[in-house]
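Quick notes on the structure that follows.
The values are calculated or read from the model by the stated rules, or taken from the named source; none is laboratory data. This one's a predicted model, so the numbers in the text were calculated from it and none came from an experiment. Cβ: placed from backbone, ideal geometry, glycine included. Neighbour counts: every protein chain shown. Each accessible area value is taken on the protein alone, full model and side chains, heavy atoms only, with ligands, DNA and RNA left out. Shrake-Rupley method; radii C 1.70, N 1.55, O 1.52, S 1.80 Å.
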Amino acid sequence: MGGARDVGWVAAGLVLAAGACYCIYRLTRGQRRGARRVGLRPSRSAEDLTNGSYDDILNAEQLQKLLYLLESTEDPVIIEKALVTLGNNAAFSANQVIIRELGGITIVGSQINNPNQSIKEKALNALNNLSVNVENQIKIKVYVNQVCEDVLSGPLNSAVQLAGLRLLTNMTVTNDHQHMLSTYIADLFHVLLTGNGSTKVQVLKLLLNLSENPAMTDGLLGAQVDSSFLSLFDGHVAKEILVRVLTLFQNIDNCLKKEGRLALQPAFPEGSLFYLLYGDECAQKMRALVYHHDADVKEKVTMIPKF
């Protein structure tokens, strides 16, 4: 993407994603409440608000109680429940603002240091929903480096790793904070190659955000990437992965062409992503994909004119 994105469309897309997460949460609660209308309840104690049977949208007073509870308790069970409740309420735009104004981002953010992996995951999920708000991202960005470190050093394919990747993906939907990931690009490719299907998809979503920004092109193409990356271009690879890998190539190729650099043979070190994407082996794989059985895959290949 050249220049800044259309913030309106970005915000709309993120709000839909956050709303979808909340809808899934509500569905898992079952139908025991029938068609009861969701509304604000009278004031209740903070611990009551974390009760599994309480699923109404919280008001400012209730959110303040919940944040105080989260800040003051050391009980891991209560901390986790409070984070889940805050995360679900952060799926609503009004509450994203209220939580920020109550100082909640710092309170939630402090829990990503918690040694309890389940609490860390819930904190990352809450920050993810809060990051839908562009103003909230200004406060959340202070955690980006730590989240990157945790994603790269934590257990592969873990819930914490996926939660961190989702947060980083939200934080890079616009160009504003993408530069903070520049030093982690090669490591993200390593996670892409070693992770399972779900992890691969989430890393690719993050890399796709970076690939649309011309300012990140050199960092991507210069990253040292194992040659096994090219196996992602094989015809038998799952469509949700293959299409994203092709889109990654397409975005990078478009950025180079817009700047007129592809014809100049830009200099990148051997073993870099550039050598893999523009080498003979990748060219052979791309030509084979022209005959792929899936129409979306074939279309993606034809959108990269070289092939």
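7 Å from Cα along Cα→Cβ at both residue 299 and residue 113: what's the point-to-point distance in nm?
In this crude spin-label approximation the distance works out to 4.9 nm.
Using R₀ = 30 Å, calculate the FRET efficiency as 1/(1 + (r/R₀)^6) where r is the Cβ-Cβ separation of residue 238 and residue 145; round to 0.05.
Calculated transfer efficiency: 0.45.
How far apart, in nanometres, would the label points at residue 218 and residue 283 be if each is projected 7 angstrom from Cα along the Cα-to-Cβ direction?
So the label points at residue 218 and residue 283 sit 2.7 nm apart.
Of 185, 124, 95, which is farthest along the charge dipole of the stretch 88-189 in the positive direction, counting Lys and Arg as +1 and Asp and Glu as -1 at C-beta?
95
Just how many % of Cα pairs in the stretch 58-179 lie over 18 Å apart, if you round to the nearest whole percent?
In whole percent, the share of Cα-Cα pairs in the stretch 58-179 beyond 18 Å is 46.
How large a share of the accessible area of the stretch 62-136, in percent, is made up of carbon and sulfur atoms when the probe is 1.4 Å and the other protein chains stay in place?
52 percent
In whole angstrom, how far apart do the alpha carbon centroids of the stretch 109-182 and the stretch 71-90 sit?
17 Å
Can you tell me the accessible area per residue over the stretch 169-220, all protein chains present, probe 1.4 angstrom, in square angstrom?
Each residue of the stretch 169-220 exposes 32 Å² on average to a 1.4 Å probe.
For the stretch 59-191, what's the relative contact order in percent, using C-alpha pairs closer than 8 Å and at least 6 residues apart?
21 percent
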